[in-house]
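Report on the structure given below.
The values are calculated or read from the model by the stated rules, or taken from the named source; none is laboratory data. This structure is a prediction, so every number in the text was calculated from the model and none was measured. Because the Cβ atoms are built from the backbone with ideal geometry, glycine has one as well, and the counts that use them run over all protein chains shown. Quick note on the areas: whole protein, heavy atoms, side chains included, nothing else; ligands and nucleic acids left out. Shrake-Rupley method; radii C 1.70, N 1.55, O 1.52, S 1.80 Å.
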Amino acid sequence: LTEGTDVVGSDGDKLGEVVAVHANYVVVEKGLFFPTDYYVPTSAISNFDGDKVYLNVSKDEALNQGWDQLPTESTMVDSGSYGSTDTVMSGETYATDMDRVVETDTTAVNTGTMGGDVSRTTDSDNLRVELHEEELAATTRDREIGNVRIEKDVVSEQQTLEVPVTEERVRVERHVVNRDATGDTDAFEEGTIEVPIRGEEVELSKRTRVAEEIEIQKEAVQHTEQVGGTVRREEVRIDETDNRGVNR
C-alpha cells in the first residue's frame, strides 16, 4: 500500500485515503477541513487492486469501530490486530509513549497523546476552496415554424356584353300617280319580287390574358423572447468547534 490510496467500504462509499502504512494497520485520513485519522487494522482489508483498498465492512461500520483512537499497548497485544513494532513511513514518527508528531513543511506539531484528536492545521497552512455556480447561456438555431400555402382556383362567372349590330330593313312606300302605261310586257301578270336583306350576327370568342400578378417575398422579423431556467451555486458554511467542545 502507498500513501494517497483511496480506502473504500464494502458498500462502495469512500472512507478516506491512506496517509501512513504500518505492520498491522494503516492510518486513513477522513475529511478535508477538520481531518480525522482512523487506524484501520489490516484484518479489515479484504482486497487491494493496486488502485483502491477495499474493506470487509461498510463505511458506517468502520466509523463506529473505535478506530479513530490511537491503538494502545494493550490493544496491540490483546487483539492481535496491531503489532508491537511499527514501520514508520511518510515522515511521521511514533515514540514509545505513542505520542504522534506530525511533520509539516516548516513546523513539527505535537498533536497529543493516545486517544486525542489529531489536528493537521498549522499557521502556515493555506486551504483554498472553490465555489461553483451555474449560469444560463442562450443560443438560437434555425427551425421551420410553419408554412404559407397559396392556391389557385378556377372560378366561372357569367358575363354579358352589349354589342351593336347592323341589319337591313325594307321600307315599302306607295305613291299615287296618273300617267299612261308604257308598253311593258309584264302588265297584268302575277309574280313575286324578293328583296334580300342583310344583317350582322354576334359571334362569341374567348382569349386568355394576364389580369393580375402575385409577388411572394420572405423577410426576417426579429422579436424578443423571455426564457428562464433553474441554476445552482455553491455556498460555504463554516462550523468551527474549539478543543473545549464549544461551537462558534
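Mind ranking Phe34, Phe48 by accessible surface for me, highest first, 1.4 Å probe?
Order by accessible area, largest first: Phe34, Phe48.
What accessible area per residue, rounded to a whole number of Å², is obtained for region 130-171 using a probe radius of 1.4 Å?
Per residue, region 130-171 has 128 Å² of solvent-accessible surface.
Within the accessible area of region 150-234, what % is carbon and sulfur when the probe is 1.4 Å and the other protein chains stay in place?
45 percent
Each residue of region 216-232 in turn: what ³J(HN,Hα) in whole Hz from Karplus with 6.51, -1.76, 1.60 and θ = phi - 60°, glycine and Pro shown as x?
In residue order, the calculated couplings are 10, 9, 10, 9, 8, 10, 9, 9, 10, 10, 9, 10, x, x, 9, 10, 10 Hz.
At what distance in nm do the modelled label points of Asp13 and Phe34 sit from each other, each positioned 7 Å from its Cα along Cα→Cβ?
So the label points at Asp13 and Phe34 sit 1.9 nm apart.
Rounded to the nearest 10 Å², what accessible area does Ile45 show when all protein chains are kept and the probe is 1.4 Å?
40 Å²
Quick one: if the Förster radius is 30 Å, what FRET efficiency do Ile150 and Glu225 give, using the C-beta to C-beta distance and rounding to 0.05?
0.60
Enumerate the amide H contacts of Leu15 below 5 Å, restricted to partners 5 or more residues apart or on another chain; note that Pro and chain-start residues carry no placed amide H.
Val7, Val8, Gly9
What nm value, rounded to one decimal, do you get for the distance between Arg198 and Glu133 when each label is placed 7 Å out toward the C-beta?
Those two pseudo-labels are separated by 10.4 nm.
Give me the accessible area of Ser43, 1.4 Å probe, in Å² rounded to the nearest 10.
80 Å²
If amide H atoms are built 1.01 Å from N in the plane of the peptide, which residues on other chains or at least 5 residues away come under 5 Å of the amide H of Val57?
Under 5 Å from the amide H of Val57 lie the amide H atoms of Ser10, each far enough along the sequence or on another chain.
Give me the distance in nm between label points sitting 7 Å out from Cα along the Cα-to-Cβ direction at Asn178 and Leu161, one decimal.
5.8 nm
Just read off the accessible area of Asp60 with the full protein assembly in place, 1.4 Å probe, to the nearest 10 Å².
Asp60 exposes around 100 Å² with every protein chain in place.
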